[in-house]
Amino acid sequence: MVKMLKGRDFISLADYTPEEFKLILETTKELKLRYYSGERIIPVLQGRVLAMIFEKPSTRTRVSFEVAMEQLGGHAMYLGWRELQLGRGETIADTARVLSRYVDGIMARVYEHNKLVELAKYSDKPVINGLSDLLHPCQAVADIYTIMEKKGEPSKLKIVFVGDGHDNVLHSLMIGIALVGGKIVISSPKGYDPDPIVMKWFNEISSKTGAEVDIERDPREAVKGADVVYTDVWVSMGQEKERERRIRELKPYQVNKELMNLAKPDAIFMHCLPAHRGEEVTDDVIDGKWSVVWDQAENRLHTQKAILALLIP
Ligand code: CP
Ligand code: NVA
């Protein structure tokens, strides 16, 4: 059953049912279609304000949320963590209590995932996860939407993630795939497996949807017959101190032309961006015939609008 989504937090896709996720994807489709039919402004959030707290840098998330609010008739406000009193030690709880008296929703990008949980606990208005060390659910909505747009029914596809198997973007992609009953193969070295909590969520959801997850250490074996090959950076924001070790251990997992040639001839290449060209992906792949990364990035705008239109009261 699709429950009313107004007022709900968007911290993890695991908090959403397959039907609710489907509603977000269908709303995206409608909003994108209307945008391309010339309806630039659909003022369902007129007079509403979104606060956007960033503890880490962002290009896509920041800009797509801000433009999304404009196109829905509302307004978005960028708040750097260090410019807020948060940076001087005001608690997350107090910040949430105050902000939610002013604004209609809070989007936040943080280091520790628990900061979002804390924000949501004390905010009277919806809190949207704009990326944490554990999850990136807004990215996953755009990813699943893009896969459906390019390849159709996701449950019929072989989707392969190559690289850091403990990555926040992968974690949310896994939950998205679980919700649509798809199959994902993760190719990463030992010590880079998905977080146990994400595996637990995946298994709970897949018991209802029939989704499957496999780990294949050999990237060449993993991408054989793939419809979708996905990767993300080897050094995520906050992991800079581990850079040398991570690059060394993940090197065999680079997505290059030789690897892509083992996938299906019409396979697509996806990346949430920003990319570290020459590390996890080579120029000939990200700029090559397989790449859908710019459409994928554009879809962040349309999916963000759907999330905001459905959640913000
Ligand atoms: N994919 C993504 O979230 O990009 P930004 O870090 O630029 O927001
Ligand atoms: N895994 C990356 C994603 C950036 C959008 C990071 O957390 O830095």
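The values are calculated or read from the model by the stated rules, or taken from the named source; none is laboratory data. The model shown is predicted, which means the values in this text are computed figures rather than measured ones. Heads up, the Cβs are rebuilt from the backbone with ideal geometry, glycines too, and the neighbour counts pull from every protein chain shown. Side chains are part of the model used for accessible areas, which takes the heavy atoms of the whole protein and leaves out ligands, DNA and RNA. Shrake-Rupley method; radii C 1.70, N 1.55, O 1.52, S 1.80 Å.
A few comments on the model shown:
- Relative contact order for the range 150-201: 46 percent, from Cα pairs under 8 Å spaced at least 6 residues apart, divided by residue count.
- Here the contact order of the range 32-95, divided by its residue count and restricted to Cα pairs under 8 Å and six or more residues apart, works out to 36 percent.
- Whole-percent carbon and sulfur share, accessible surface of the chain, 1.4 Å: 52
- The amide H of residue 268, built 1.01 Å from its N in the peptide plane, has 228, 229 as neighbours under 5 Å, considering only residues 5 or more places off or on other chains.
- Among 194, 57, 126, residue whose mean-square fluctuation peaks in a GNM of the chain (springs only between Cα atoms under 10 Å): 57
- Bins of 5 Å from zero: percent of alpha-carbon pairs in the range 127-188: 4, 19, 29, 27, 15, 5, 1
- Scattering profile of the chain at q = 0.06, 0.09, 0.14, 0.15 Å⁻¹ [log10 I(q)/I(0), Debye over alpha-carbon scatterers]: -0.19, -0.43, -1.06, -1.21
- Percent of Cα pairs exceeding the 27 Å cut-off, where the set is the range 1-150: 20
- For the range 97-150, the relative contact order works out to 33 percent when only alpha carbon pairs closer than 8 Å and six or more residues apart are counted.
- Kirkwood-type radius of the range 20-63, with distances r between different C-alpha atoms, in Å: 13.0
- A 1.4 Å probe run over the range 79-189, with the rest of the protein chains in place, finds 33 Å² accessible per residue.
- A viscosity of 1.306 mPa s and a temperature of 10 °C, combined with the Kirkwood radius over Cα pairs in Stokes-Einstein, give a translational diffusion coefficient for the range 196-255 of 113 µm²/s.
- Calculated log₁₀ intensity ratio I(q)/I(0) where the Debye formula runs over C-alpha points of the range 267-313, q = 0.16, 0.17, 0.30, 0.32 Å⁻¹: -0.52, -0.56, -1.07, -1.14
- Taking max minus min of the alpha-carbon positions on each principal axis, the range 213-313 gives extents of 47, 38, 28 Å, largest first.
- In the assembled protein chains, residue 90 presents an accessible area of approximately 80 Å² (probe radius 1.4 Å).
- When each of the peptides 114-125, 198-209 is scored by the mean number of other C-beta atoms lying within 10 Å of its residues, the order from highest to lowest reads 114-125, 198-209.
- Label-to-label distance, residue 67 versus residue 15, with points set 7 angstrom from Cα along the beta-carbon direction: 2.7 nm.
- Per principal axis, descending, Cα span of the range 126-257 in whole Å: 41, 39, 26
- Residues of the range 199-300: accessible area per residue with a 1.4 Å probe, Å²: 50
- With all pairs of separate Cα atoms included, the range 156-197 yields a Kirkwood hydrodynamic radius of 10.5 Å.
- Against the empirical 2.2 N^0.38 Å (N residues), the range 83-174 has a Cα radius of gyration ratio of 1.34.
- Placing dummy labels 7 Å off each Cα toward the beta-carbon, the span from residue 111 to residue 248 is 2.5 nm.
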